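> Sending over a structure as structure tokens; questions will come in a sec.
The values are calculated or read from the model by the stated rules, or taken from the named source; none is laboratory data. What you see is a predicted model; the values in this text were computed from it and never measured. Every residue, glycine as well, gets a Cβ built from its backbone with ideal geometry; the counts of neighbours run over all protein chains shown.
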Amino acid sequence: MLIARIIGDVVATHKAPSHHGRKILVVQPLDLDGSDRGGAVLALDSVDAGIGDRVLLVTEGFSAMTAVGRPDSPIDMAVIGVIDAVHLDD
Amino acid sequence: MQLGRVIGNVVCTVKTASLAGQRLLIVQPLGREGRAMGRALVALDSVGAGMGDTVYWCRGREASFPFLPADVPCETTIVGLVDVVNIPGSTFAIP
């Protein structure tokens, strides 16, 4: 899983039926120093996260489907937690 | 999933039987500013995407789920037509 920042959202009325009723979030994975880690991706929301939140992102289908609660769905990424704090051993 | 734009299509008359009737579209992944990110790839279409459409697509085994109960061998499928991309501060624009 990855630490990431929600930078936006996407509206798509015509999409896979199992995606209805869930926000499609634009998520930017982050390195531990807060810098961008690769490109931005899309993930379905499962914790009512919003733009600006720092979140926990899962990037594998089975986990994403399970988090969103929709088996047999074409979902490969999901936001599964809103991060309060990150502690690093200094 | 990732954002992308449909920039072409592929015609394969000889192909594995379970791909019969599937549309093979060429998708260019897009980054947060709406510019090309990474290299183009071929994806199956499950939502009726057309040339130039801004779409989003799914990877992996899950990409074959839109075609259930048929077992379609594909690892990337377009699963949504994008109407609006809302990224504050971004130049992302849908043509």
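> Given the condition assigned to a loop (DSSP other than H, G, I, E, B) and either within 21 Å of B:Val55 (Cβ to Cβ) or in contact (Cβ under 8 Å) with a residue 60 or more places away in the chain (or both), answer yes or no: does some residue in segment A:47-64 qualify?
yes
Yes/no matrix, rows are residues, columns are (1) in contact (Cβ under 8 Å) with a residue 40 or more places away in the chain; (2) away from chain A (no Cβ under 12 Å):
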| position | (1), (2) |
| --- | --- |
| B:Thr13 | no, yes |
| B:Arg32 | yes, no |
| B:Ala40 | no, yes |
| B:Ala70 | yes, yes |
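> Only one of these is at pLDDT 95 or above and closer than 15 Å to A:Ala12 by Cβ: B:Met51, B:Met1. Name it.
Answer to the selection: B:Met1.
> Which one of A:Gly81, A:Gly61, A:Gly38 is touching a helix residue (DSSP H, G or I) at 6+ places or on another chain (Cβ under 7 Å) and within 15 Å of A:Met1 (Cα to Cα)?
Exactly one residue qualifies, and that residue is A:Gly61.
Matching residues to (1) among the basic types (Lys, Arg); (2) under 19 Å from B:Val84 (Cα atoms); (3) more than 15 Å from the chain's Cα centre (by Cα):
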{"residue": "A:Ala12", "(1), (2), (3)": "no, yes, yes"}
{"residue": "A:Leu32", "(1), (2), (3)": "no, no, yes"}
{"residue": "A:Ala43", "(1), (2), (3)": "no, yes, no"}
{"residue": "A:Leu57", "(1), (2), (3)": "no, no, no"}
{"residue": "A:Glu60", "(1), (2), (3)": "no, no, no"}
{"residue": "A:Ala64", "(1), (2), (3)": "no, no, no"}
{"residue": "A:Gly69", "(1), (2), (3)": "no, no, no"}
{"residue": "A:Gly81", "(1), (2), (3)": "no, no, no"}
{"residue": "A:Leu88", "(1), (2), (3)": "no, no, yes"}
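> Against the definition (crowded, with 19+ Cβ neighbours inside 10 Å and either more than 7 Å from chain B (Cβ to nearest Cβ) or not in a loop (DSSP other than H, G, I, E, B) (or both)), how does A:Leu44 come out, yes or no? Steps first, please.
Numbers: crowded, with 19+ Cβ neighbours inside 10 Å: yes; either more than 7 Å from chain B (Cβ to nearest Cβ) or not in a loop (DSSP other than H, G, I, E, B) (or both): yes.
Here the answer is yes, as A:Leu44 does meet what is asked.
> Every residue in segment A:11-32 that is surrounded by 19 or more Cβ atoms within 10 Å (Cβ to Cβ) and farther than 19 Å from A:Val82 by Cβ, please.
A:Ala12, A:Lys15, A:Ala16, A:Ser18, A:His19
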